[in-house]
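This report concerns only the one structure given below.
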Amino acid sequence: MADPSASVGNSLPRILNFNVGVLGHVDSGKTSLARALSSTASTAAFDKNPQSKERGITLDLGFSAFIVPLPEHLREACGERQYDSLQFTLVDCPGHASLIRTIIGGAQIIDLMLLVVDVVKGMQTQTAECLVIGQLTCSHMIVILNKTDLLPSDKKQSAIDKMTKRMQKTLENTRFKGCPVIAVAAKPGGPDAPDTEEAQGITELIELLKSQAFLPHRDASGSLLMAVDHCFSIRGQGTVITGTILQGALRVNDTLEIPALKVTRKVKSIQMFRKPVPSVMQGDRVGVCVTQFDPKLLERGVVCTPGSLRTLHAAVISVQKIEYYRGALSSRSKFHITVGHETVMARVSFFSRASLNGQAGASDGSPSEQSPDSFSFDWEFQHQEEFFSGQADAEGQAPQQWALLEFERPVTCPPLCLVIGSRLDSDIHANTCRLSFHGKLLEGFEDKNYTETTLPRLKISKDKHKEGAVERVTDDYTVIGKNLFKKETNIQLFVGLKVTLSSGETGVIEGGFGQSGKIKIRVPEGLKEETKQLLSSSSKKKGKGGAKNEPTKDEESKSDSQPITIHLNFKRYVYDPHKKMVQS
């Protein structure tokens, strides 16, 4: 059989693929812009979703592409890898508020971002959310001020200048400071206008894109990971899976795994924008044909080298709060977690390193200067009721924090991948950022019974404090304590723990006393004289009161105003199945 690459040898020049994400608020004109820029539409492009046609809103990641001659600066950058032309693959991410999860999926495959802003309305809620996603996933951006045709011609230039300044000010404290801003009218007259109206500023935009393009880092090594955005069948051929290669490479006749379904299939053929190719690598936008696979089983997700991805029931991640998020990040609350290419609900619990003299830091002999994404089961951690957004330390370092995510259903994802937590259920019309935190997946729990097998290894403690009072002295070395435990508490669990008295002595819990939750405390060093006097005087006062001469409330409060209190401090490990109490 002839080499598949030979048949297309002359017709398929060497093309460098560059992924450009088109993000922005709903109705800012992203799809019109992508359409104006494109010459070849890929299968998923321009919304196959009927709801989208109706509303004129992109509901799926649309992909389309256009090819330009390779710019001179890239020719030099490519060195020995000779390319003939540069292909811009446009990833049109939805701006529809409820579909932010799709954007996050698309943003992981983007080299440069086009942030589309309605020149009349400026920054809107979702524009800000897109900017946050851009900062997490991408290092280059161009701002597009679209719909300039809506500005009155006599004030057009001054309105564009004003909005350009506003955008530059907004971006001042982001990684996109100083990025180019360009004005266009992608679809003069609006979406329903006839196509005879020519788009304005598109030629200039293409030139700007060419000048901003760089040689993206592409690596064919490692196991295959492909983000799938569409799946359909072709009669007589098989099932075509389209998507973008996130890592590794793929060749005809390779076997790939669909991990969510735990099935493998052989690659029959591969296409890039409708042209057959023998192999593809990281960054390429491809269609892969396999046989005997029902396309309905996989609309969106990932495919990979067999056995290379893990399916997780829970995970430990590093955490950073997203600065625009106004809500609290509380432990035990639920968030939408986007990990890999899935968005799933998870219960989140925050924790940090066990403190040393009240300062967050390593108190367990481990290195205190670890990288922000390090984690070890050997370390001691402290449970946090909520994420700590406090001040940085003297070196400007914010205390490092982690979270345990417990997924409502298993998720399949690559190691060390980006994790984004959001509140996608909050009001989409409220003017607030719904993206809450981000981090890196550091440790995944594949065992369904992780609460029994893996979680006990995670040493997260909660500090506990109980307070009671000394009821009476039985001898120089023993007191009876009350109000420290409830009647139903199993006091045996606390035997041997140290307590301190407010008068300064240290004692040890010897056991229960009677049935009402009272305890017997042994004071090895013996009680001080003044303690005994204080206790005997208060018990005498109580003993005096008979039915006739009950002490007045005033007298009672005096005698009880300074009872000797008992303090019990200990910590409990949250995931310890034996619920042991520990004292330092």
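The values are calculated or read from the model by the stated rules, or taken from the named source; none is laboratory data. Keep in mind it's a predicted model, so treat the numbers as computed, not measured. Don't worry about glycine lacking a Cβ; one is built from the backbone with ideal geometry, like all the others, and counts go over all protein chains shown. SASA here: full protein model, heavy atoms, side chains in, ligands and nucleic acids out. Shrake-Rupley method; radii C 1.70, N 1.55, O 1.52, S 1.80 Å.
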Determine the sum of side-chain charges near Gln320: Lys and Arg each +1, Asp and Glu each -1, restricted to other residues whose C-beta is under 12 angstrom from that of Gln320.
0
Neighbour cut-off at most 15 other Cβ (10 Å), DSSP loop, chymotrypsin sites (Phe, Trp or Tyr not before Pro), the stretch 418-504:
Tyr477
Can you flag which of Lys498/Lys579; Lys520/Lys580; Lys440/Lys464; Lys156/Lys177 are past 28 Å Cα-Cα?
Lys440/Lys464
Probe radius 1.4 Å, ligands and nucleic acids ignored: give me the carbon and sulfur share of the accessible area of the stretch 275-316 as a rounded percent.
55 percent
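Which entries in the list Lys187/Lys275; Lys268/Lys296; Lys462/Lys518; Lys321/Lys571; Lys162/Lys321 go over 21 Å, if you measure between the two C-alpha atoms of each?
Those over the limit are Lys187/Lys275; Lys462/Lys518; Lys321/Lys571; Lys162/Lys321.
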Taking every other residue with Cβ under 15 Å from the Cβ of Glu172 and scoring Lys and Arg +1, Asp and Glu -1, one gets +4
Show me the trypsin sites (Lys or Arg not before Pro) within the stretch 131-208 that DSSP assigns to loop and that have at most 11 other Cβ atoms within 10 Å of their Cβ.
Lys155, Lys177
Theoretical FRET efficiency, 1/(1+(r/R0)^6), r = Cβ-Cβ of Phe377 and Ile202, R0 51 Å, to 0.05
0.40
Proximal charge balance of Asn253 [Cβ under 9 Å; K/R count +1, D/E count -1]:
+2
Average the reciprocal distances over every distinct pair of alpha-carbons in the stretch 189-260, invert the result, and give the Kirkwood radius in Å.
16.8 Å
Rounded to the nearest 10 Å², the accessible area of Thr170 using a 1.4 Å probe with every protein chain kept is 60 Å²
Just how much of Ser308 is accessible, in Å², when a 1.4 Å probe is used and the result is rounded to the nearest 10?
40 Å²
Those GluC sites (Glu not before Pro) from the stretch 459-523 that are DSSP loop and have at most 11 other Cβ neighbours within 10 Å turn out to be Glu488
For the full complex of protein chains and a 1.4 angstrom probe, list Thr164, Thr255 by accessible area with the highest value first.
Thr255, Thr164
Would you tell me the accessible area of Asp576, worked out with a 1.4 angstrom probe on the heavy atoms of the protein chains, in Å² to the nearest 10?
20 Å²
